[in-house]
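What follows is calculated from the coordinates using simple rules that are stated; it is not laboratory data. Because the structure is a prediction, the values reported are computed rather than measured. Heads up, the Cβs are rebuilt from the backbone with ideal geometry, glycines too, and the neighbour counts pull from every protein chain shown.
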Amino acid sequence: MRKIFYILFAVLLFSGCSKEKIENLPMSNLSATLNNGSWSAFTVDTHIIYIREIGYSINEFEIRATTKDKQELYFNIYSTSSGIYDAIGNCYISYQPDVDNFGSMTYTATKGEVNLSVDTVNYQISGTFDIVLKKFQDSSDSVVVKNGLFHDLKYTVRY
Amino acid sequence: MRKIYTFLFGFLLFVGCSKDNNNNNNSEIPELSATVDNAAWNAFTIDTHIVFSLPNMDENFSIFAVTKDGHELSLNIHGAKTGIYKVSQNQNLWAEYQKTSLNHEIYGSNSGEVNLIVDSLNQEISGTFNLVLKSYLNTSDSIVITNGSFNNLRYTYLNKK
């Protein structure tokens, strides 16, 4: 009986520890490797933007991820459905190393893709991305973003 | 002895369950809520940023909260420090509410205030607010917001393009 109790005690203790580990996942919902350094957003704004003009309307996803030190990754995906989207034809993606200086410092995507998964029941999106961005005024200056991951980003519709 | 084991097992099980319940409850607490025209109002997404205003590039807080069904509340606080910001006092506060997003029926703040607490170390803000807003199209149509509160909203800097 004593042995059974010890086993049960260990199982309960272990399951408690496992849960703590799950809860201790990185707090950021959007992270990546940027030029071989880790990059984690502090805030992520996620919306479907509704564009309406005469005889024309379209819904697109917009994700704005910002770090504490004013770096920004911005995604405009020209769709609201799950799928793989090319960084050139199906999205506009930009990176700014300093949002205070956005004019001359913007990098835009020249290669890569975003794999988007949309959960329309819970209003959440998840996905992965790998992209190469080049500086607008100096194409020899580039930023490589790998292992990009966003998960359970809540979204609302913005009109 | 068997009773003690049974009791301890039950206790451990209870502790495990209690922890789960607490976590679930915490995750359900909305970060920005209010009473809008006597009905509960909970934001589903909240964008919180410090933005800069011309001509002096002053730091202002911008909070943009949206419900699942697309109702929007924006609070534009003309300052980035802890304090009380009032609607009618040198435009220290400007709020807008969009009741039904598709028809663009927008309400602008007429009176009220935000009590803002800034934690610049952790880049989080908390606060309370009460507002009366009036329709731009029909000023006799108003919205009353009471018991507004927001807790530990993370903020970053944003340059509006």
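Take the convex hull of the alpha carbons in the stretch A:27-158; its mean projected area over all directions comes to 8.5 nm².
Each DSSP beta bridge with both residues in the stretch A:44-159 is either parallel or antiparallel, and the antiparallel ones are about 95%.
About the centre of its Cα atoms, the stretch B:31-157 shows a dipole size close to 120 debye [charges on the beta carbon of Lys, Arg (+1) and Asp, Glu (-1) only; nearest 20 debye]. Taking a sphere under 10 Å around the Cβ of residue B:48 and counting the other residues whose Cβ falls inside, with K and R at +1 and D and E at -1, yields a net charge of -3. Take the alpha carbon atoms of the stretch B:31-71, find their center, do the same for the stretch B:139-158, and report the distance between the two centers in whole angstrom. The distance from the Cα centre of the stretch B:31-71 to that of the stretch B:139-158 comes to 5 Å. Using the Cβ of residue A:130 as centre and a radius below 12 Å, the other residues enclosed give a net charge of 0, where K and R count +1 and D and E count -1. An ellipsoid equivalent to the stretch B:31-157, defined through the eigenvalues of its Cα gyration tensor, has semi-axes of 22, 17, 14 Å when rounded to whole angstrom and sorted largest first. Rounded to whole Å, give me the distance from the Cα center of the stretch B:107-124 to that of the stretch A:97-131. Value for the Cα centre distance between the two parts: 29 Å. A cut-off under 13 angstrom between Cβ atoms defines the neighbours of residue A:110, and their net charge, with Lys, Arg +1 and Asp, Glu -1, is -2.
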